[in-house]
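The values are calculated or read from the model by the stated rules, or taken from the named source; none is laboratory data. Since the structure is predicted, the reported quantities are computational estimates derived from the model, not experimental observations. Here the Cβ is made from the backbone with ideal geometry for all residues, glycine too, and neighbour counts use every protein chain on show. Side chains included, ligands, DNA and RNA excluded: accessible areas come from the protein's heavy atoms. Shrake-Rupley method; radii C 1.70, N 1.55, O 1.52, S 1.80 Å.
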Amino acid sequence: MNSNSPHAVVVGAGIAGLLTAIVLAEHFPRVTVLERDTFAGSDARRGVPQARHLHGLMEGGRAIIEQLCPGLTAEVVAAGAPTTEVLAGSRWYLSGLRAAPTETGLITLLASRPLLESQLRRRAIELPGVTLRERIAANGLVADGGRVTGVLVSAAGAAPEAIAAELVVDCTGRASRAPEWLRVIGAQAPEQQSVVIDLGYSSRTYRRKPEHLDGQLGVVVSTMPGRRGGGAIVVEGDKWHVTLGGMLGDHPPTDHDGFTAFAATLPVPDIHRIVTDAEPLSDPVPHRFRGSVRNYFERIATHSDGFIALGDSLCSFNPLYAQGMTVAAQQALALRACLRKGTARLPARFYTHAARHVDVAWRMSTGADLNHPGVIGRRTPRIRLLNSYVTRAHRAAHVDPTLARTFMRVANLVDPPETLLKPATVARILWRARGIDLPAE
Ligand SMILES: Cc1cc2nc3c(=O)[nH]c(=O)nc-3n(C[C@H](O)[C@H](O)[C@H](O)COP(=O)(O)OP(=O)(O)OC[C@H]3O[C@@H](n4cnc5c(N)ncnc54)[C@H](O)[C@@H]3O)c2cc1C
């Protein structure tokens, strides 16, 4: 490979970084992915502590990943991950009520985050021109005349160096320092918005018995105002991966008794039954997530060519709604569409396109967060009305399989939220929700 041929650098080899590298390999003869961590070992890496907690891949994201990496779902399954039908093969409790079991046409790929990431990494580095360098951290940008021309890096035991590139993509996740890197080179940084939710997770694994959950492979109990939530899914090796969660400082404990007692306070008993019957295989591990953060790159008036931010570095969502990997995949697809029209004005075109997806997921998740009285934010009449309508949709989905299917397709980021606002659907939700009460506290 000619070292003068066009070069793209991706910083960060998480889900967003790997999908970006796969897209860039279609356009750049050389793509280098830089990762601060090492990939030794099969467990969660230091740089992605969230990988120790449930990582549900929504069907919208799975379908895009399959489009970018044909055959990947089958490879992840061959590596040990089960699949299930979202409502026919697993259980979703929305506002404490089980969504009616039915065929939805939605697949859930029950892979742990380390397994999904390792399979994606293998596919990325198989591509011609893609190089993955581990134990090398980026700490700034190189610019020339308002254009980013490379990235500053330091590798363990080596002197700091600059790596030249026609395009640098920041995929360093929610702790991204891209806004600061841009300021240092005199470029405009994005406005930032945060929604504080003070979410705590605690997760551990258990040995699964076939009779658990009547043989079904997953259960999700969504949080609701004043109530805790959790999930248990079967992951590789016939294990339950159980995550418990609570918002606004109500965090699950990390000792055995505390963890089990927290599970008993969920609105439904399914997860508590698993954790009291199954043998624990690991100790609970905690994670604290202060809030969702959105960087409005699309509002920057003058972009530095040669640089974009993608994935959590652009927007990091409340993990309870399991949107992050899917929105990263949507952004990778947006980048591919933009690159197919050339590289002129790439940042502006990319951020505009990506914002369409980010807007949808951001409105869904921050709107739902505002249903919790302790979350600070502006509750417009529209948000109040939508939240009350969504609770009715949960009640209606409990008794109406068609509505359960419609709702899950929106939650899985397959169909747009407007689907729930079609007049016939609104009428059906209001009619079917009558007389269905939420579980008592
Ligand atoms: C507790 C928790 C649970 C979650 N659950 C879900 C879920 O159920 N479903 C879902 O879809 N999403 C979930 N998410 C979100 C999901 O993890 C991310 O949205 C998704 O992985 C995309 O992130 P990313 O690739 O942008 O960043 P990350 O996955 O955080 O990857 C960033 C990478 O950049 C590397 N890096 C950082 N700084 C540097 C540097 N300076 N130089 C080189 N490398 C660097 C890191 O080591 C890391 O490998 C969850 C998040 C959290 C916090």
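The figures follow:
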| read-out | value |
| --- | --- |
| Förster-model FRET efficiency, 45 Å R0, Arg345 and Asp277, C-beta, rounded to 0.05 | 0.20 |
| Carbon/sulfur fraction of accessible area - segment 381-432, other protein chains in place, 1.4 Å, % | 62 |
| Mean Cα-pair separation over length for segment 249-364, i.e. relative contact order, pairs under 8 Å, 6 or more apart, % | 21 |
| Highest to lowest packing among 432-440, 224-232, scored as the average C-beta count within 10 Å | 224-232, 432-440 |
| From phi via Karplus (6.51, -1.76, 1.60), per-residue ³J(HN,Hα) for segment 354-362 in Hz, x at Gly/Pro | 4, 4, 4, 6, 4, 4, 4, 5, 5 |
| Computed over segment 140-190: relative contact order in percent, which uses C-alpha pairs under 8 Å that are six or more apart | 30 |
| Net charge dipole size for segment 1-145 [Lys, Arg +1 and Asp, Glu -1 on Cβ; Debye, nearest 20] | 400 |
| Long-range HN-HN contacts of Leu132 with modeled amide H, under 5 Å | Val33 |
| Estimated translational D of segment 164-236 in µm²/s (Stokes, Kirkwood radius over Cα pairs; 10 °C; 1.306 mPa s) | 91 |
| Per residue solvent-accessible surface (Å²) - the chain, probe of 1.4 Å | 42 |
| Note, ³J(HN,Hα) from phi for segment 243-251, Karplus 6.51, -1.76, 1.60, rounded to Hz, x at Gly and Pro | 10, 10, x, x, 9, 6, x, 8, 8 |
| Taking all pairs of distinct alpha-carbon atoms in segment 76-138, Kirkwood radius in angstrom | 14.6 |
| Space enclosed by the convex hull of the alpha-carbon atoms of segment 109-223, per residue, Å³ | 200 |
| Net lengthening on full extension, Trp431/Glu191 (0.36 nm per residue, minus Cα-Cα) | 82.1 nm |
| Debye equation applied to the C-alpha atoms of segment 342-422, log10 I(q)/I(0) at 0.18, 0.23 Å⁻¹ | -0.84, -1.13 |
| Relative contact order for segment 381-432, counting Cα pairs under 8 Å that sit 6 or more residues apart, in percent | 36 |
| For Tyr351, net neighbour charge (Lys/Arg +1, Asp/Glu -1) across residues whose Cβ lies under 14 Å away | 0 |
| Counted charge near Arg135, where neighbours are those whose Cβ lies closer than 13 Å (Asp, Glu -1; Lys, Arg +1) | +1 |
| Cα coordinate range in segment 268-360, projected on the principal axes (Å, largest first) | 59, 26, 24 |
| Cα radius of gyration and Dmax for segment 170-313 (Å) | 19.9, 61 |
| Point-charge dipole on Cβ atoms (K/R +1, D/E -1) for segment 350-441, about Cα centre, debye to 20 | 260 |
| Rg ratio (alpha-carbon, reference 2.2 N^0.38 Å) - segment 381-432 | 1.03 |
| Cross-link partners of Lys239 among aspartates and glutamates (Cα-Cα below 17 Å; sequence separation of 8 or more within a chain) | Asp43, Glu211, Asp214, Asp270, Asp277, Glu279, Asp283 |
| Amide H partners (placed H, <5 Å) of Arg30, local residues excluded | Ala8 |
| Cα gyration tensor shape for segment 275-327, rounded if a/c is under 1.5, else prolate or oblate | prolate |
| For segment 291-296, 3J(HN,Hα) per residue [Karplus equation, 6.51 cos²θ - 1.76 cosθ + 1.60, θ = phi - 60°, Hz, x = Gly/Pro] | x, 6, 9, 10, 9, 7 |
| All-pairs Cα distance distribution in the chain, expressed in whole percent, bin size 20 Å | 25, 56, 18, 0 |
